[in-house]
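Have a look at the structure below, then the notes.
The values are calculated or read from the model by the stated rules, or taken from the named source; none is laboratory data. Treat the numbers as computed from the prediction; the structure is a model and nothing was measured. Neighbour counts are summed over all protein chains in view; Cβ atoms, including those assigned to glycine, are modelled from backbone coordinates with ideal geometry.
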Amino acid sequence: MDQEIVDSVQQWLRDVVVGLNLCPFARKPMRAGQIRYKVSEARDDESLMAELLEEFRLLDNTPVEELETTLLIVPQHLQEFADFNQFLDLAEWLIERQEYTGIYQLATFHPDYQFAGTRPDDAENLTNRTPYPILHLLREASLARALENYPDPESIPANNIRRVEGLSEEQKRLLFPYLFC
């Protein structure tokens, strides 16, 4: 079961994130095998917090050349987007409490992701919609280096919105089959 979950997330990463170039920095660590895909066993916030801390500590103790980033996939908890959003307050508290501010940050993804000020069916929400809830643990130093070498990083969100808005219904069904079940 875990392998099926990882496979679906890897396909999303390959076809959507890299394939549509939603994150211009994802291709390199993906090709280098520097992404950890960890399937969470958590069924409650406390267990997920413990797993999140464990993943931060693994990043602490693993050279960036071996492990750039972690995708903590949460298939059994936080299925409702409102619950997921509430959990993010706890996750940010953990980052502050463990003195990881400026070292790590989270990018977040969910099957029902909805940006503030959008309607549920707005295409721009597709940029953060995944097969499962995901907490993406990023090394801030790596992100800063990548942004330094990227021309006009401020244009990334607008470019992403244009890309997903330009998808046909057939393309959306192919890229996001988990949204059309």
**OP:** Scan the stretch 116-161 residue by residue and report those that are loosely packed, with under 12 Cβ neighbours inside 10 Å and of a type outside the set (Gly, Ala, Ser).
**Re:** Arg119, Pro120, Asp121, Glu148, Asn149, Pro151, Asp152, Glu154
Original post:
Taking Glu51 and the conditions (1) part of a helix (DSSP H, G or I); (2) of a type outside the set (A, V, I, L, M, F, W, C); (3) farther than 14 Å from Val74 by Cβ; (4) at pLDDT 95 or above, which numbered condition does it fall short on, given that it satisfies the others?
Top reply: (3)
Subject >> Residue list for the stretch 29-45, restricted to those being part of a helix (DSSP H, G or I) and free of Cβ contacts under 8 Å to residues at least 40 places away in the same chain >> reply: Met30, Arg31, Ala32
Subject >> Inter-residue pairs, beta-carbon under 9 Å, first farther than 30 Å from Asp45 by Cα and in the stretch 132-150, second among the aliphatic types (A, V, I, L, M), 6+ apart >> reply: Tyr150/Ile156
Original post:
Has the stretch 118-135 got any residue that is in contact with a helix residue (DSSP H, G or I) (Cβ under 9 Å, 6 or more places away or on another chain), hydrophobic (A, V, I, L, M, F, W, C), over 24 Å from Phe56 (Cα atoms) and modelled with pLDDT under 95?
Top reply: yes
Original post:
When you scan the stretch 46-69, how many residues do you find that are among the hydroxyl-bearing types (Ser, Thr, Tyr) and without any contact (Cβ under 8 Å) to a residue 40 or more places away in the chain?
Top reply: 2
**OP:** Please tell me if Asp83 is surrounded by fewer than 16 Cβ atoms within 10 Å (Cβ to Cβ) and assigned to a loop (DSSP other than H, G, I, E, B).
**Re:** no
**OP:** May I ask you to say which residue of Arg173, Arg139 is of a type in the set (D, E, K, R) and within 28 Å of Glu65 (Cα to Cα)?
**Re:** Arg139
**OP:** Could you pull out the residue among Ser168, Ser155 that is modelled with pLDDT under 95 and over 20 Å from Gln10 (Cβ atoms)?
**Re:** Ser155
Original post:
Any residue at all in the stretch 96-111 that is modelled with pLDDT of 95 or more, under 15 Å from the mean Cα position of the chain (by Cα) and either part of a helix (DSSP H, G or I) or over 21 Å from Cys23 (Cα atoms) (or both)?
Top reply: no
Original post:
Is it the case that the stretch 50-68 has a residue that's closer than 20 Å to Pro177 by Cβ and touching a helix residue (DSSP H, G or I) at 6+ places or on another chain (Cβ under 7 Å)?
Top reply: no
Original post:
Is it true that Asn125 is under 30 Å from Met49 (Cα atoms), in contact (Cβ under 8 Å) with a residue 12 or more places away in the chain, in a helix (DSSP H, G or I) and within 18 Å of the chain's Cα centre (by Cα)?
Top reply: yes
Subject >> Where a residue in the stretch 93-115 is on the phi > 0 side of the Ramachandran plot and its partner, wherever it lies, is acidic (Asp, Glu), with Cβ under 8 Å and at least six apart >> reply: Gly102/Glu140
